[in-house]
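None of the figures in this text is laboratory data; all of them are computed from the coordinates on show. The shown structure was predicted, so the numbers you read here are calculated from the model rather than taken from an experiment. Note: ideal-geometry Cβ built from the backbone for every residue, glycine included; neighbour counts use all protein chains shown.
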Amino acid sequence: MESLSKTKIENAMASHISRFDGQNLRYNFLKKDEFIRIPGFLPESITNQLLEILPKVEPYVHRSYLPRHKSGGSVSRFNLEHYAPLFTEVYFSRSSLDLFSQITDSKLFTCPPNDAHAYALYLYTQKGDHIGFHYDTSYYSEARYTALIGLEDDSSCKLECELYTKMHGAKTVMESIKLMPGELVFFNGDKVRHRVTPSGANERRVALTMEYVTSTKMSPYLRFVSDMKDAIAYFGFAEVWKRLIRRKL
Ligand SMILES: [Fe+2]
């Protein structure tokens with residue numbers, strides 16, 4: 001497939017995303033405790049090209065295992081921007097950032113360049129790969145929103161999201177999702193409790209995660225906590241060192 005130039009990528013994103021009604025999406029997002037699912041969010045041409053460049057980053061997958069909580073592979077934003085910069089274009093897409101800002105009714109920002117988790121790939125390729133229930137807690141000073149985009153799913157894994165868990169008096173509702181290629185799930189990380197159920201043998205699931213925030217400020221203590229969490233649970237210490245070097249530049 002012919003590779004798409006930077007301008008063509010944004011044009012393809014803009015023309016595709018213009019079909020979504022931001023106000024209607026916001027209504028549904030609020031109704032579901034700041035959670036929304038948008039099938040076909042990415043243009044098919046871009047989904048296909050992301051799938052085509054996946055093999056370029058597979059040598060940089062870092063596998064981590066936390067007993068009883070998590071097992072799986074991750075590729076940090078540093079490796080994506082170096083080896084597969086189309087992911088960077090998708091993360092920084094102006095049209096998708098504008099749509100996310102409409103959905104949240106907030107001015108959203110991309111995360112700073114030293115944040116390895118700003119956007120990343122999660123790969124489940126071994127039996128039992130999963131992540132247990134958790135919130136995507138914001139270590140930034142304000143809200144953090146998670147955008148998950150499906151890329152490959154030849155697995156029995158389900159993304160299970162619990163809504164209304166922090167709403168006083170409300171009954172928790174579960175959304176069980178098979179994340180299809182190009183599909184988006186977008187939610188407030190501090191509100192939506194979620195997990196991915198374990199994969200079986202010879203299964204494969206790849207998803208892109210992207211993080212957007214209403215403030216890029218983070219205290220030095222929480223930056224340290226966030227760095228340690230990313231090093232241990234996702235990308236390894238080598239990636240954290242890259243980030244520390246980058247912060248001094
Ligand atoms: Fe999460």
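For segment 170-180, in order, what is each residue's ³J(HN,Hα) by Karplus, 6.51 cos²θ - 1.76 cosθ + 1.60 with θ = phi - 60°, in whole Hz (x at glycine and Pro)?
Each residue of segment 170-180 in turn: 8, 7, 5, 10, 9, 10, 10, 10, 9, 7, 7 Hz.
For n ≥ 4 DSSP H runs only, could you compute -39500 (n - 2.57) per run for the chain, divide by its residues and tell me the 222 nm figure to the nearest 500?
-10000 deg cm²/dmol
In whole percent, what relative contact order does segment 1-97 give with Cα contacts below 8 Å and a gap of six or more residues?
33
Enumerate the calculated ³J(HN,Hα) couplings along segment 131-146 in order (Karplus 6.51 cos²θ - 1.76 cosθ + 1.60, θ = phi - 60°), each rounded to whole Hz, writing x wherever the residue is Gly or Pro.
Once θ is set to phi - 60°, the couplings for segment 131-146 become 9, x, 4, 6, 9, 8, 4, 7, 8, 6, 6, 10, 5, 10, 10, 9 Hz.
When you count, for each residue, the other Cβ atoms within 10 Å and take the mean per peptide, how do 17-30, 133-146 rank with the highest first? Spell out each step's value before the answer.
Numbers: 17-30: 14.1, 133-146: 17.8.
With the highest mean Cβ count within 10 Å placed first, the list reads 133-146, 17-30.
Can you tell me which of 42-51, 55-64 comes out highest on packing, and rank the rest after it, using the mean Cβ neighbours within 10 Å?
Ranking, from highest mean packing down: 42-51, 55-64.
Explain nothing, just compute: Karplus ³J(HN,Hα) = 6.51 cos²θ - 1.76 cosθ + 1.60, θ = phi - 60°, for every residue of segment 195-205 in order, whole Hz, x for Gly and Pro.
Each residue of segment 195-205 in turn: 8, 10, 6, x, 7, x, 5, 6, 10, 8, 9 Hz.
Between 87, 116, 180, whose Cα lies farthest towards the positive end of the dipole of the chain when Lys and Arg beta carbons carry +1 and Asp and Glu beta carbons carry -1, centred on the Cα centre?
116
Can you tell me the order of 215-227, 177-189, 104-116 when each peptide is scored by its average per-residue count of other Cβ atoms within 10 angstrom, highest first? Walk me through the numbers before you get to the answer.
Details: 215-227: 14.1, 177-189: 20.2, 104-116: 17.4.
For the peptides 215-227, 177-189, 104-116, the packing ranking is 177-189, 104-116, 215-227.
Using Cα pairs under 8 angstrom and six or more residues apart, how large is the relative contact order of segment 6-248, in percent?
Relative contact order of segment 6-248: 27 percent.
Put a dot 7 Å past each Cα toward the Cβ at residue 201 and residue 82; how far apart are the dots in nm?
Distance between label points: 3.6 nm.
What relative contact order, as a whole-number percentage, does segment 130-249 give when Cα pairs under 8 Å and 6 or more residues apart are counted?
Averaging sequence separation for qualifying contacts and normalising by length gives 36 percent for segment 130-249.
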